[in-house]
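J.: One structure, as structure tokens, below. Some questions next.
The values are calculated or read from the model by the stated rules, or taken from the named source; none is laboratory data. Since the model is a prediction, treat every value here as computed from it, not as a measurement. FYI the Cβ positions are ideal-geometry reconstructions off the backbone, even for glycines, and counts take in every protein chain you see.
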Amino acid sequence: MGPRSMKSVRLCPYAASLAAALALGGCFHPLYGTLADGGAGVQSELEAIAVDPIPDRIGHYLGDELIFRLNGTANQITPKYHLLVTTSEGTSTALVDTLEASATAATLTTTATYRLMPAAGGAPIAYGTVTSTASYDRFQQRYTNIRASKNAEIRNAGVLADLIKTRLAAALVPKT
């Protein structure tokens, strides 16, 4: 083999990748983009989700985050779907100060289980479980620890809302 043929052998994988990319280029479209035929996109479907009340303090934060992320426009849209969410929390302390015999940090783990149900009734369209963790420092002052824990809950609620929104959007993509 001459030097020219060795160069073409090295370029062959790149040429195959370029050919595959060109062939599949029209198959993908953005998740939140509008449809080529002018139909409603995923965002209009997300706006039609009514978030049912979620119990507990974390449920309050998560419900507010979901309502804002799904329909931040404040438009009153007739719901096509109902989102049912349940939550659970757990706190773990990995670091303990040996002199004071108290935890110096904690990790709050929040899990949300969701089901997207059609408003007319029927089988769930999407369901699943998402988890988020947030760490925070612990101090000797009790109220400082309470506020730090609350801030961790708020951070977890935002992350969980993003995860749920993305999974719902993927489930509601119109099949083309």
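J.: Can you tell which of Thr131, Thr107 is surrounded by fewer than 16 Cβ atoms within 10 Å (Cβ to Cβ), more than 29 Å from Gly41 (Cβ to Cβ) and in contact with a Ser or Thr (Cβ under 7 Å, 6 or more places away or on another chain)?
T.: Details: Thr131 fails: more than 29 Å from Gly41 (Cβ to Cβ).
Just one listed residue meets the conditions, Thr107.
J.: Here's another thing I want to ask about it. Provide a single number: the residues in segment 125-176 that are at pLDDT 90 or above and outside any helix (DSSP H, G or I).
T.: 10
J.: Follow-up question, since we're still on this one. Considering only segment 135-156, state which residues are within 21 Å of Gly63 (Cβ to Cβ) and among the polar types (S, T, N, Q).
T.: Ser149, Asn151, Asn156
J.: Could you count how many residues in segment 135-176 are more than 15 Å from the chain's Cα centre (by Cα) and of a type in the set (Gly, Ala, Ser)?
T.: Step one: list which residues in segment 135-176 are more than 15 Å from the chain's Cα centre (by Cα), which gives 135-153, 173-176.
With the extra rule that they be of a type in the set (Gly, Ala, Ser), the set shrinks to 135, 148-149, 152.
Residues flagged as more than 15 Å from the chain's Cα centre (by Cα) and of a type in the set (Gly, Ala, Ser) within segment 135-176 amount to 4.
J.: Return yes or no: is Ala120 in a loop (DSSP other than H, G, I, E, B) and either without any contact (Cβ under 8 Å) to a residue 40 or more places away in the chain or more than 27 Å from Leu66 (Cα to Cα) (or both)? Step through it out loud before you land on a result.
T.: Details: in a loop (DSSP other than H, G, I, E, B): yes; either without any contact (Cβ under 8 Å) to a residue 40 or more places away in the chain or more than 27 Å from Leu66 (Cα to Cα) (or both): yes.
So Ala120 fits the description; yes.
J.: Exactly one of (1) closer than 23 Å to Tyr127 by Cβ; (2) at pLDDT 70 or above is unmet by Thr93. Its number?
T.: The single condition Thr93 does not satisfy is (1).
J.: Pick from segment 69-93 the residues that are hydrophobic (A, V, I, L, M, F, W, C) and free of Cβ contacts under 8 Å to residues at least 60 places away in the same chain: which of them is surrounded by the fewest Cβ atoms within 10 Å (Cβ to Cβ)? Break it down stepwise before answering.
T.: So the first thing to find is which residues in segment 69-93 are hydrophobic (A, V, I, L, M, F, W, C), and the list is 70, 74, 77, 83-85.
Okay, now just the ones that are also free of Cβ contacts under 8 Å to residues at least 60 places away in the same chain, so 74, 77, 84.
Values: Ala74: 7, Ile77: 12, Leu84: 15.
Among those residues, the one meeting the criterion is Ala74.
J.: Something else about it: Suppose we filter Ile58, Ile54, Ile67 for residues that are out of contact with any helix residue (DSSP H, G or I) (no Cβ under 8 Å at 6 or more places or on another chain), within 30 Å of Ser135 (Cβ to Cβ), modelled with pLDDT of 90 or more and of a type outside the set (Phe, Trp, Tyr); which single one remains?
T.: Values: Ile58 fails: out of contact with any helix residue (DSSP H, G or I) (no Cβ under 8 Å at 6 or more places or on another chain); Ile54 fails: out of contact with any helix residue (DSSP H, G or I) (no Cβ under 8 Å at 6 or more places or on another chain).
Being out of contact with any helix residue (DSSP H, G or I) (no Cβ under 8 Å at 6 or more places or on another chain), within 30 Å of Ser135 (Cβ to Cβ), modelled with pLDDT of 90 or more and of a type outside the set (Phe, Trp, Tyr) holds for just one of Ile58, Ile54, Ile67, which is Ile67.
J.: Considering only segment 134-152, how many residues are out of contact with any Ser or Thr (no Cβ under 7 Å at 6 or more places or on another chain), surrounded by 14 or more Cβ atoms within 10 Å (Cβ to Cβ) and not aliphatic (A, V, I, L, M)?
T.: Qualifying residue count, segment 134-152: 3.
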